[in-house]
Amino acid sequence: MPEVQEGRLTFQFPEGWQLLKYDDSTWHRQRMKSRLKGVDILAHDGGPTHWWIEVKDCEGYEPENRPRLSGTEPVEVDQAREWVDQQGLKPTVQVTRRKPFIVDEVEEKLRDTLAAISVAQRKADLELEDFYVVRAQSPALTVVLLLTWNHRDFKRLASRLQTRLERALAPYGIRSFVVNEQNPVDAGLYCQVIRGEA
């Protein structure tokens, strides 16, 4: 049974699935990491769809992660921008939030991974060969944000993030889903997600 581990979560897929923990691949670590970000897991079952999975395991850390689930800038960022402007530093200093909005982060990782895999394909990198996306019969891409969160709040939160993610990825023509460890099948991922010890 193919499996891949991301942090405290292990993803177990049925036989026949191809998996790659992309951000641990030699290609990413040695060639791209200092320049580009990457999604966590690349997966496909040999069919016409590839799944790119970004894992955000926030279970037990919900308060620290709540600001990154809002597209609205934190008040502190606005205050810092105002101070920078008052000091006349705006032409040389940029203030950004430390942790970006999760949808913006997923979009950035998607773009970077698309670029990196395109370069890998041009360089005929064998490690990523099963995951090339530019082919005569290009696979459909599905981006999955697997977000572990307090189960009581997850459904409402996932619905809001799903709408924002769909809007962000619409220009790419890529389907997207927000799921948790209980429902990866909603995104077509027939896998089991098992939580290990911290």
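At-a-glance table
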read-out: Value of Rg to Rh for the stretch 150-198 (Rh from inverse mean 1/r over Cα pairs, i.e. Kirkwood); value: 1.03
read-out: Cα-based reach from Lys109 at 12 Å (exclusive), listing aspartates and glutamates while leaving out same-chain residues under 8 positions away; value: Asp23, Asp40, Glu54
read-out: Cα-based Rg and Dmax for the stretch 49-129, where Dmax is the largest Cα-Cα distance (Å); value: 18.1, 53
read-out: Scaled radius of gyration (Cα, divided by 2.2 N^0.38 Å) that the stretch 100-192 gives; value: 1.20
read-out: Extension gain, Val119 back to Arg97 (0.36 nm per residue minus Cα-Cα distance, nm); value: 4.9 nm
read-out: Projected area, mean over directions - the chain, Cα convex hull, nm²; value: 13.1
read-out: Gained length - Glu3 relative to Arg156, 0.36 nm times residue gap less alpha-carbon distance; value: 52.1 nm
read-out: Per-bin percent of Cα-Cα distances, the stretch 1-116 [10 Å]; value: 12, 30, 32, 17, 7, 2, 0
read-out: The chain: antiparallel DSSP beta bridges as a percent of all, rounded to 5; value: 50
read-out: Lys/Arg +1, Asp/Glu -1 at C-beta; the stretch 74-120 dipole; positive extreme among Leu89, Ser118, Pro74; value: Ser118
read-out: Paramagnetic reach from Arg35 (point 7 Å along Cα→Cβ, amide N under 12 Å) across the stretch 99-130; value: 115-120, 123
read-out: Linear extension gain, Arg195 paired with Asp78, 0.36 nm per residue minus alpha-carbon span; value: 38.4 nm
read-out: Proximal lysines to Lys155, defined as alpha-carbon separation beneath 19 angstrom and excluding residues fewer than eight positions away on the same chain; value: Lys56
read-out: Lys, Arg +1 and Asp, Glu -1 on Cβ, resulting dipole of the chain about Cα centre, debye, nearest 20; value: 540
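Where a number appears in this text, it was derived from the coordinates with a stated rule and is not lab data. Being a predicted model, the structure only gives us computed values, none of them experimental. Using ideal geometry, Cβ is built from the backbone for each residue, glycine included, and neighbour counts are taken over all protein chains shown.
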